[in-house]
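Each reported figure results from applying straightforward, stated rules to the coordinates on display, with no laboratory input. None of the values given here were measured: they were computed from a predicted structure. Counting neighbours? That spans all protein chains shown, and the Cβs are built from the backbone with ideal geometry, glycine included.
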């Protein structure tokens, strides 16, 4: 693998990792808000998201280790999972704000 390809992959990995960290911060904030509001449905949804977060972290590590032939598929899967994670966060965030 060329240095350029390796560097490009690292940039994408770092971007996805940064995106995930931002979403995780929102998750922590929303969880605290939901607990204060005693919003049990939101707390359950956030617990489910916490489990998803672990899966996403695992996929992020798999992306780093994947070979060239599987890297693009792993990247697309991870991007999709993070997008779904962020969408779920936004949905819960809107519900928590209304309490």
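As an exercise, use a Förster radius of 22 Å and the Cβ-Cβ distance of residue 2 and residue 77 to find the FRET efficiency, rounded to the nearest 0.05. The pair residue 2/residue 77 has a calculated efficiency of 0.40.
Would you mind getting me the FRET efficiency between residue 66 and residue 36? Use the beta-carbon distance for r and R0 = 30 Å, nearest 0.05.
Values: r = 41 Å, r/R0 = 1.35.
Computed FRET efficiency for residue 66 and residue 36 comes out at 0.15.
Dividing the summed helix terms, -39500 (n - 2.57) for each DSSP H run of n ≥ 4, by the number of residues in the chain produces a 222 nm estimate of -33000 deg cm²/dmol to the nearest 500.
Ratio of region 3-97's C-alpha Rg to 2.2 N^0.38 Å, to two decimals?
Region 3-97 yields a ratio of 1.22.
Annotation: peptides 1-8, 70-77, ranked by per-residue average of other Cβ atoms within 10 Å with the highest first, follow the order 70-77, 1-8.
R0 = 35 Å: FRET efficiency of residue 10 with residue 47, Cβ-based, nearest 0.05?
On the way: r = 33 Å, r/R0 = 0.93.
It comes to 0.60.
At a 10 angstrom cut-off on C-beta neighbours, averaged per residue, how do the peptides 11-20, 26-35 rank from highest to lowest? Let's see the in-between values first.
Working: 11-20: 14.4, 26-35: 17.1.
So the peptides 11-20, 26-35, ranked by packing, come out 26-35, 11-20.
The separation of region 36-65 from region 66-99, counted between C-alpha centres, amounts to 10 Å.
Gain in length, residue 26 to residue 54, computed as 0.36 nm per residue apart minus the alpha-carbon separation, to one decimal in nm? Walk me through the numbers on the way to the answer.
Working: separation 28, 0.36 × 28 = 10.08 nm, distance 1.52 nm.
Net length gain for the segment: 8.6 nm.
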